[in-house]
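Have a look at the structure below, then the notes.
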Amino acid sequence: MLSPEEHEIYSRHLILEKIGLSGQLKLKNSSVLIIGAGGLGCPVLQYLSAAGVGTIGIADHDTVEKTNLQRQVLFGHSSLGKLKVDVAKKRLKDLNPFVNFKTFADGITIGNAIDLVSAFDIIVDCTDNFETRYLINDACFIQNKPLVYGAIHKFEGQVSVFNLNNGPTYRCLYPDLPDPKSVSNCADTGVIGILPGIIGTFQANEVIKIIIKIGTPLNGKLHVFNALNNQSNSYTIPKVEHEIYERIKINGFDQNDYQFQCLTPVLEIDVEAFLESKNSFEQIIDVREYNEYPIIEGLASNVIPMGELHVRFGEIDPDKNTLIFCKRGIRSQMAIDFLKEQYNYKNLTNLKGGITFYPFEQEK
Amino acid sequence: MKVETHYYGMISDRLERSSELHTFETEGGTVNLRDYFETRHPELKEINYKIAVNHEITDILPANTEINEIALLPPFAGG
């Protein structure tokens, strides 16, 4: 049942023949998990909250940075440094107090993926990296949950629905994680701020269509939008059973490796071990872009963004014991791979998981 | 037969163009499109992508096929 106030809030839905009271009740009785509260996550969260989805999960481990504000429209300057899940929940609760919000500040990990996905009806992938996209896809396949996928690159966006009614999965389209050397990072490619708004809104629309069972979801279709010329195209994705079963280890899922699989293994140290042996490193190199946060005063002896490494590698003394870090430990792994392969560097250690897991309060 | 090929994402970045005209002769038999494009643009060998012909994913252009459009579709990661 809907309360009188809910009737008023959803009145424009209720008068639509294809939604009406029964559709609105389906929305109210549904649960949707949005993974990633960034550029795509913000519009998805706003529209699904406003539409009256009964339970919304928000999974993201990041805090709000100034560089987010150009496109992540749930946040403002007062949100800087705060957990995205907390800021988003507060804003969305104001937008629709009838929604039950559940927040997951650890984000999605290989340890919690199965339980997290199993607790919701529909999963929305709003993440920004391939490792997490494959992890989400595989967890959705194992738990038989529909996955609404969105991804962006500069001025172009992709939307699709995977694993709906026995349809294809993301692995039917792209079976394996790409070679990290062949992909660019969001921080150094850039994106027009409006694009995640457009693609995220497409994703929210797909979620509502699936819940109410109206229209034709993008099940088995890859929809591609170009913001520069406004062209939209849909491509049919065939279901490729062997690609799914050869790659998703259904038994022993937690043993899967969702890190980039093509990189040469490098010496790694996690944050805890690093804090214990910090003084043994004679150089600490930050390979993030200049505008990336958090900046920990006194930690890095030099900042050399990945894009400058090929000209500034000489600033790294090859004879010194060196730690290299970035946000999540992927770019730093690529930097080490590059320095070892091209310039025969040794004595390089990667900060596993990146600076994201650094206990910032320790530095205060 | 001249066919417009659309390049998306990082393929468009690497090739520095968003589309290109290619000429195919399918009267003589099938064409392996991956081989065809990677011979002309060797940088594609380093990129993960799918090929779509007339909006259907395939690597092979069957003989005697009328083609309206080809697209090279790499995955996007951003969010």
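The values are calculated or read from the model by the stated rules, or taken from the named source; none is laboratory data. Keep in mind the model is a prediction, meaning the values are calculated, not measured. When we count neighbours, we look across all protein chains shown, and the Cβ atoms used for this are built from the backbone with ideal geometry, even at glycine. Quick note on the areas: whole protein, heavy atoms, side chains included, nothing else; ligands and nucleic acids left out. Shrake-Rupley method; radii C 1.70, N 1.55, O 1.52, S 1.80 Å.
Table for the structure above
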{"read-out": "Filter on A:Lys145/A:Lys213; A:Lys18/A:Lys89; A:Lys82/A:Lys102; A:Lys89/A:Lys145 - keep pairs with C-alpha separation over 26 Å", "value": "A:Lys18/A:Lys89"}
{"read-out": "J(HN,Hα) series, region A:16-23, from Karplus relation 6.51 cos²θ - 1.76 cosθ + 1.60, nearest Hz, glycine and proline x", "value": "7, 4, 7, 10, x, 5, 5, x"}
{"read-out": "Simple Cβ-charge dipole of the protein assembly as shown, Lys/Arg +1 and Asp/Glu -1, about Cα centre, in debye nearest 20", "value": "1220 debye"}
{"read-out": "Leading residue at positive end of dipole, the protein assembly as shown (Cβ point charges), from A:Gln231, A:Ala51, A:Gly41", "value": "A:Ala51"}
{"read-out": "A:Glu8 versus A:Ala50: modelled label distance in nm, points set 7 Å from Cα along the beta carbon direction", "value": "1.9 nm"}
{"read-out": "Additional length obtainable on full extension of the chain from A:Lys66 to A:His242, 0.36 nm per residue less Cα span", "value": "59.0 nm"}
{"read-out": "Rounded FRET efficiency, nearest 0.05, which uses the C-beta distance separating A:Asp257 from A:Asp86 and R0 of 45 Å", "value": "0.90"}
{"read-out": "J(HN,Hα) series, region A:51-64, from Karplus relation 6.51 cos²θ - 1.76 cosθ + 1.60, nearest Hz, glycine and proline x", "value": "6, x, 4, x, 10, 10, x, 10, 10, 6, 9, 7, 9, 6"}
{"read-out": "Length-normalised contact order for region A:268-363 - Cα pairs under 8 Å, 6+ apart - percent", "value": "35 percent"}
{"read-out": "Chains B and A together, accessible area buried on both sides, 1.4 angstrom probe, square angstrom", "value": "2400 Å²"}
{"read-out": "Percentage relative contact order, chain A, counting C-alpha pairs under 8 Å, at least six apart", "value": "14 percent"}
{"read-out": "Estimated translational D of region B:2-73 in µm²/s (Stokes, Kirkwood radius over Cα pairs; 20 °C; 1.002 mPa s)", "value": "175 µm²/s"}
{"read-out": "Total charge dipole magnitude, region B:2-73, about the Cα centre, Cβ charges on Lys, Arg, Asp, Glu only, Debye to nearest 20", "value": "140 debye"}
{"read-out": "Percent of C-alpha pairs per 10 Å bin, the protein assembly as shown, short to long", "value": "4, 20, 28, 26, 15, 6, 1, 0"}
{"read-out": "Total charge dipole magnitude, region A:268-363, about the Cα centre, Cβ charges on Lys, Arg, Asp, Glu only, Debye to nearest 20", "value": "260 debye"}
{"read-out": "Computed lengthening from A:Glu276 to A:Asp179, 0.36 nm per intervening residue step minus Cα-Cα distance", "value": "31.7 nm"}
{"read-out": "DSSP beta bridges in the protein assembly as shown [antiparallel fraction, %, rounded to 5]", "value": "45 percent"}
{"read-out": "Distribution of pairwise C-alpha distances over region A:1-119, 10 Å bins, in %", "value": "14, 42, 30, 14, 1"}
{"read-out": "Separation in nanometres of the label points that stand 7 Å from Cα toward Cβ, at A:Ala105 and A:Asn144", "value": "3.6 nm"}
{"read-out": "Length gained when the stretch A:Ser232-A:Tyr290 is fully extended (0.36 nm per residue, less Cα-Cα span)", "value": "17.4 nm"}
{"read-out": "Debye intensity ratio in log₁₀ form over the Cα atoms of region A:80-221, taken at each q of 0.09, 0.11, 0.13 Å⁻¹", "value": "-0.30, -0.45, -0.64"}
{"read-out": "For region A:283-330 and region B:29-52, distance of Cα centres in Å", "value": "36 Å"}
